[in-house]
Amino acid sequence: MIQNLPLGTSDFSALRQFDEIYVDKTELIYDLASQKSKYFFVRPRRFGKSLLISTFESLFKYGLKEFRGLAIEGLYKNETKYLVVKLDFSEAKYFSSPEEFSERLASLIVRNFSRVGFSYVPGSAESIFYQWSEWLKTLDSNSLVVLVDEYDSPLTYCLGQEELFAAVREQLSKFYAGLSANERVLRFVFVTGIILFDEVCLSSEFGHFTDLSLDPRYGSLVGFTREEVEGYFENYIEKSEKELSISRDDLMKQLVAQYGGYCFEETGSTKVLASWSLLNFLAPNSREIVRY
């Protein structure tokens, strides 16, 4: 039976539940998850960052429950289940004033941290950031995992609006300052986006994060190498060969030329294909090698 393509699936649990193809990145994920650290990771859109965040969420929340048959199964020995908070900052990106953004950011924090015990008291003289930081101090050491997807969405939304941008950046700084002030409770933090933090003037807030964006060890953490494409999508590649009446080598050369050539590490030796584009090409109703 041919496994389904994970096209449009950014939730790891759903992908595994419906037996969609998962290109196994868990050996690299193990390297990161086995450390107590705060990581920062930048990639373009549609390369699989949200799936990566969701994979960390499953690992820290449920252990190896959803990782049967993957590389990490024989590596990860930690049976501890953590408090896990996942925040998608794209949920807070539509606003027209600093006040509206503050409300959206507060809502995002309250909704997600309340799931692990935070209780916000509206109308209090103490700000949400103060209440949240004080609550963090009550947690056990190394008990909390924080996963942030699209950290820069609110900032890219208001690029070109200097005053609004500065106000949004100030609010976001308070969030990351709260995390830094409560380092003791943080087991793992992973932040993704499409823009390097120094480009949006958040260098001081991310000063204690390890930036993986150009690290040679993680050049293939998202996206697909040619070897992964030929290994995991063999049945789909074979079908495409027949439908296009083309050899395997010629097909792969065209796919790499159209969807590959992306290199995100400083040695320039690891190249990956854009996952969204490749999956769209392999989808049942699409056999043209065009832009997606």
**Prompt:** What share of Cα pairs, in percent, lie more than 22 angstrom apart in the stretch 68-208?
**Reply:** 42 percent
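At 222 nm, what helix-only mean residue ellipticity would the chain give, in deg cm²/dmol to the nearest 500, using -39500 (n - 2.57) for each DSSP H run of four or more?
On the way: 11 runs with 116 residues, N = 292.
Taking each H run of at least 4 residues, the total per residue is -12000 deg cm²/dmol.
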**Request:** Report the label-to-label distance for Asp24 and Thr80 in nanometres (one decimal), using points 7 Å from each Cα along the Cα→Cβ vector.
**Result:** 2.7 nm
**Request:** Please name which of Phe56, Phe18, Leu202 has its Cα lying farthest along the dipole of the chain towards the positive end, using unit charges on Cβ (Lys, Arg +1; Asp, Glu -1) and the Cα centre as origin.
**Result:** Phe18
**Prompt:** In whole angstrom, how far apart do the alpha carbon centroids of the stretch 147-190 and the stretch 243-269 sit?
**Reply:** 36 Å
**Fill in**
Longest principal axis of the chain (C-alpha) makes with the long axis of helix 248-259 (C-alpha) an angle, in degrees to the nearest 10, of 30 degrees
**Prompt:** When the Debye formula is applied to the Cα atoms of the stretch 183-234, each taken as the same point scatterer, what base-10 log of I(q)/I(0) results at q = 0.30 Å⁻¹?
**Reply:** -1.23
**Prompt:** Counting pairs of alpha carbon atoms under 8 Å apart in space and at least six apart in sequence, what relative contact order in percent does the chain give?
**Reply:** 23 percent
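Just to be sure I follow: if Rg is taken over the C-alpha atoms of the stretch 1-121 and Rh is the Kirkwood radius over the same atoms, what is Rg/Rh?
Numbers: Rg = 16.6 Å, Rh = 16.4 Å.
Using Cα coordinates only, the ratio equals 1.01.
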**Request:** Pull up all non-local amide H partners of Thr210: gap of 5 or more, or a different chain, and H-to-H distance under 5 Å with H placed in the peptide plane.
**Result:** Lys38, Tyr39, Phe40
**Complete:** Bounding extents of the chain in its principal axis frame from Cα atoms, largest first in Å, are 70, 47, 35
**Asked** If one takes the longest principal axis of the Cα atoms in the chain, at what angle in degrees, from 0 to 90 and to the nearest 10, does the Cα axis of helix 162-181 lie?
**Response** 80 degrees
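Readers should treat all values here as calculations from the given coordinates under stated rules, not as data from a laboratory. Remember, predicted model here, so these are calculated numbers, not experimental data. All Cβ positions, glycine included, derive from the backbone under ideal geometry; neighbour counts span all protein chains shown.
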